[in-house]
Amino acid sequence: MDKYTSIRNYIDSLPDPTPENPLHILVSSCLSGTLCGFDGTSYGEYPIMIKLLAHKNLAFHSFCPEDFSFGTPRELCNIHGGDGFDVLAGKAKVLTESGKDWTAQLIHAAERMLAVATQHQVRLAILTDTSASCGSQVIYNGHRHAEDPKYLSGPGVCSALLIRNGFHVISQRDYRTLEHFFKKLNPSHIISEQSIDYHESSWYKDHFADKPGKD
């Protein structure tokens with residue numbers, strides 16, 4: 001069974017939520033509209049997230065690890081030498097574009113994010129992909145070069161710590177799984193047959209065809 005089939009089966013097993021007993025969801029703050037991106041923006045809007053955030057049977061807990069540790073605006077930072085699991089194992093580092101080592105501070109932020117998820121008994125985490133902290137499927141591989149960016153299939157530091165502790169983490173671009181979640185929230189919801197998860201997109205398949213990452 002692949003990871004995303006397992007997550008959809010898990011979603012099916014969740015109790016049916018009500019406004020009185022909502023499902024608790026963790027989201028990256030930028031996905032909730034908070035202006036906490038490195039450049040002081042929210043990185044844009046995702047219609048499916050706007051729809052989800054308005055759902056009365058969900059309770060949302062937003063957190064931005066990078067804002068927590070470094071404030072906003074701030075330098076860009078990325079993982080060098082592996083993915084988030086490698087950072088937690090001491091095998092990779094988090095560096096800014098100017099070379100500052102932010103590894104310890106981002107691990108501290110990940111621990112705080114885990115504490116939020118644990119305190120609120122979060123059932124699902126929906127986090128911003130490609131981020132060194134929140135990426136769940138794809139992260140930048142080292143410095144970001146605008147003309148020729150390099151990517152790695154794997155999670156960021158905070159996603160890795162959540163996954164290690166048993167939390168289910170998906171991307172805001174995992175449309176098929178999010179559609180499945182809407183079906184759980186509203187049995188009459190008709191899942192779009194065109195919806196796909198991030199790892200099923202042409203971009204992902206083309207980019208990682210010969211470069212399998214870690215699950």
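The values are calculated or read from the model by the stated rules, or taken from the named source; none is laboratory data. The shown structure was predicted, so the numbers you read here are calculated from the model rather than taken from an experiment. Cβ sites come from the backbone with ideal geometry, for glycine too, and all protein chains shown count toward neighbours.
Points worth noting:
- Residue match in the stretch 62-72 (condition: under 17 Å from the mean Cα position of the chain (by Cα), within 15 Å of GLN172 (Cα to Cα) and buried (at least 20 other Cβ atoms within 10 Å of the Cβ)): yes
This table checks each residue for (1) closer than 21 Å to ILE25 by Cα; (2) at pLDDT 95 or above.
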{"site": "MET49", "(1), (2)": "yes, no"}
{"site": "PHE60", "(1), (2)": "yes, yes"}
{"site": "ILE79", "(1), (2)": "no, yes"}
{"site": "ASP86", "(1), (2)": "no, yes"}
{"site": "GLN105", "(1), (2)": "no, yes"}
{"site": "GLU111", "(1), (2)": "yes, yes"}
{"site": "HIS120", "(1), (2)": "yes, yes"}
{"site": "HIS145", "(1), (2)": "no, no"}
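- Criterion violated by TRP203 - all others in (1) touching a residue at least 24 places away in the same chain (Cβ under 8 Å); (2) on the phi < 0 side of the Ramachandran plot; (3) not aliphatic (A, V, I, L, M) satisfied: (1)
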